[in-house]
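The values are calculated or read from the model by the stated rules, or taken from the named source; none is laboratory data. Here the structure is a predicted model, which means the values were calculated and not measured. Neighbour counts run over all protein chains shown; Cβ positions are idealised from the backbone, glycine included.
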């Protein structure tokens, strides 16, 4: 019958243990940061969402599977370099070789970025905070572009580090690596704007996925068929232009023009005007997509 | 202190006029905005947040103009929409933290505030589960938490009791009362049930078809519409006769008698009458008034 805990010494204050204090409502006195902070927070949140971080395990499968596939050529190349001392896949050809994987990633993840906010009507919550529609569009585009950049740049960098470690005979291909890194920025911005704008037109994810993948298949098929037909009638000049219908070869043409790398198609791109025209086309597509996005969200905001 | 005011505020959509020269003002505390569906309540909130431009007229919220200072208003105001607005695949904690950051709170502060706010609205362990598995009551709490997480000076709550069961409604109304008093945050709450708002509001604004029907403090409202409802097991005819004889205005609604309260003495008269007639009293309560009663009254005044 001795319970020393429950018998406080006379005069000593009672010492309760394990009591939850309801301290009531506390006002927030700390700093309130501006639009830039909110923009960065939304970009980071979206980027995490693209890779399924902070979401269910099912949401992580697709992005990480595709990111893993993107790494395969780099890993194989490093093995090849280590074993037979010859370069495997070249830096400037990496994105073009892996274009199908990039297209699938874009198609699978860009609807994830914008469709739920429209479908579950989260957008009004963003717009009732100090965030404008322009901020929202910029953050979403930046997140998708960053994701695409990571998808291309990480394998390139791993490959480059591998090359340095293996120490091939002759100087390292630093120039090619840097050219490919710069081009991956162009890839990222172009692909992100096309993917996000297509996905933003429907609140349903399935339709968004289908639209993006259909655009890629259509453009690459038209390009391939035209090239085949024009080559068979010996109009090689026209065939060189037909390559540019495929967005991946379009950016490759810009890469060839800017950095003097080897073209990654059969037969090269149009000489002379080809490079500048491709560059203008890339910029025009990006501008068109961003304008469409801003208009799309201005309409969504007022409804 | 006036927290919001409008002057001749008008909003015309291509097909309908949502607000028609609305002039209102509201002070701090809890203000109820009552109107039938389509009366223009949600449109008014969107105009006040600067999400829609008005066709005519002006407004001020916390002394700021939605037309030119909408970002400053949105920094100091919280908004709980009427519709569902929650992504199903993130947890309430993650969502609320993100929304706090979107209002400009640094990440660590956002985490603290989100945990505090979710506790205040009554979400505990379940806040780590994805929102997709929540009941309607829990969703309403998350919606409320995201509106409060950045400690606003004013919150707009659009139909917060929508879809809740009677217990959930009572909890939500008690929470709204706490926000207005204990938390010290001014509240504008919309509903189509006046009886519901009577319990939590300091002031009530009634709009219909985009026009102001009535704006007054809750005391004036209840004084003008006070009545009591009496239910006895048997002999309500005898009771009605006796009360009428005592000079009270009595109307019968089936088994219920409604008596207009002319003075505090009415309660005594009813009590004495029930006792003298030796009746079994089942119910004696204040009459609940629905928005329809106000409409009927206003129309009969015109």
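Worth a mention:
- Just one residue in the set A:207, A:191 is over 18 Å from the mean Cα position of the chain (by Cα) and either at pLDDT below 95 or surrounded by 22 or more Cβ atoms within 10 Å (Cβ to Cβ) (or both); that residue is A:207.
- Test: residue in the stretch B:149-160 that is within 7 Å of chain A (Cβ to nearest Cβ) and under 19 Å from the mean Cα position of the chain (by Cα): no
- Meets criteria (more than 14 Å from every other protein chain (Cβ to nearest Cβ), crowded, with 18+ Cβ neighbours inside 10 Å and assigned to a helix (DSSP H, G or I)) for residue A:47: no
- The stretch B:52-95: number of residues that are within 11 Å of chain A (Cβ to nearest Cβ), under 30 Å from residue B:135 (Cβ atoms) and in contact (Cβ under 8 Å) with a residue 12 or more places away in the chain: 17
- Per-region count, the stretch A:29-43, residues more than 9 Å from every other protein chain (Cβ to nearest Cβ), buried (at least 16 other Cβ atoms within 10 Å of the Cβ) and either modelled with pLDDT under 90 or over 20 Å from residue A:108 (Cβ atoms) (or both): 1
- Pair list, Cβ < 7 Å and 6+ apart or interchain, from the stretch A:289-303 residues that are closer than 12 Å to residue B:51 by Cα to residues that are at pLDDT below 95 and surrounded by 13 or more Cβ atoms within 10 Å (Cβ to Cβ): A:298/A:133; A:300/A:118; A:300/A:123; A:301/A:127; A:301/A:133; A:301/B:51; A:302/B:52
- Members of the stretch B:145-182 found to be buried (at least 19 other Cβ atoms within 10 Å of the Cβ) and over 22 Å from residue B:36 (Cα atoms), listed by number: B:145, B:146, B:147, B:148, B:149, B:150, B:151, B:152, B:154, B:175, B:179, B:180
- Taking the stretch A:128-147 as the range and being assigned to a helix (DSSP H, G or I) and over 30 Å from residue A:261 (Cα atoms) as the test, the residues that pass are A:133, A:134, A:135, A:136, A:137, A:138, A:139, A:140.
- Scanning the stretch B:161-177 for residues that are closer than 17 Å to residue B:203 by Cβ and touching a helix residue (DSSP H, G or I) at 6+ places or on another chain (Cβ under 7 Å) turns up just one, B:173.
- Residues (more than 12 Å from chain A (Cβ to nearest Cβ) and at negative phi) located in the stretch B:112-127: B:118, B:123, B:125, B:126, B:127
- Residues (in contact (Cβ under 8 Å) with a residue 12 or more places away in the chain and buried (at least 16 other Cβ atoms within 10 Å of the Cβ)) located in the stretch B:116-125: B:117, B:118, B:120, B:121, B:123
- Just one of the listed residues (A:247, A:263, A:270) is more than 25 Å from the chain's Cα centre (by Cα) and buried (at least 17 other Cβ atoms within 10 Å of the Cβ), namely A:270.
- In the stretch B:36-45, residue farthest from the chain's Cα centre (by Cα) [restricted to those that are assigned to a loop (DSSP other than H, G, I, E, B) and surrounded by fewer than 23 Cβ atoms within 10 Å (Cβ to Cβ)]: B:38
- Residue ranges of helices (runs of 4 or more DSSP H) in the stretch A:71-127 with at least 1 members away from chain B (no Cβ under 14 Å) and surrounded by 19 or more Cβ atoms within 10 Å (Cβ to Cβ): A:94-97, A:99-119
- Positions within the stretch B:46-90 being part of a strand (DSSP E or B) and surrounded by 18 or more Cβ atoms within 10 Å (Cβ to Cβ), in sequence order: B:59, B:60, B:61, B:64, B:77, B:78, B:79, B:80
- Residue check, residue B:101 within 12 Å of chain A (Cβ to nearest Cβ) and out of contact with any helix residue (DSSP H, G or I) (no Cβ under 9 Å at 6 or more places or on another chain): no
- Residue count, the stretch A:210-229 (criterion: touching a helix residue (DSSP H, G or I) at 6+ places or on another chain (Cβ under 6 Å) and closer than 13 Å to residue A:243 by Cβ): 5
- Selected residue [in a strand (DSSP E or B), over 23 Å from residue B:38 (Cβ atoms), modelled with pLDDT of 85 or more and touching a strand residue (DSSP E or B) at 6+ places or on another chain (Cβ under 9 Å)] from B:206, B:230, B:274, B:189: B:230
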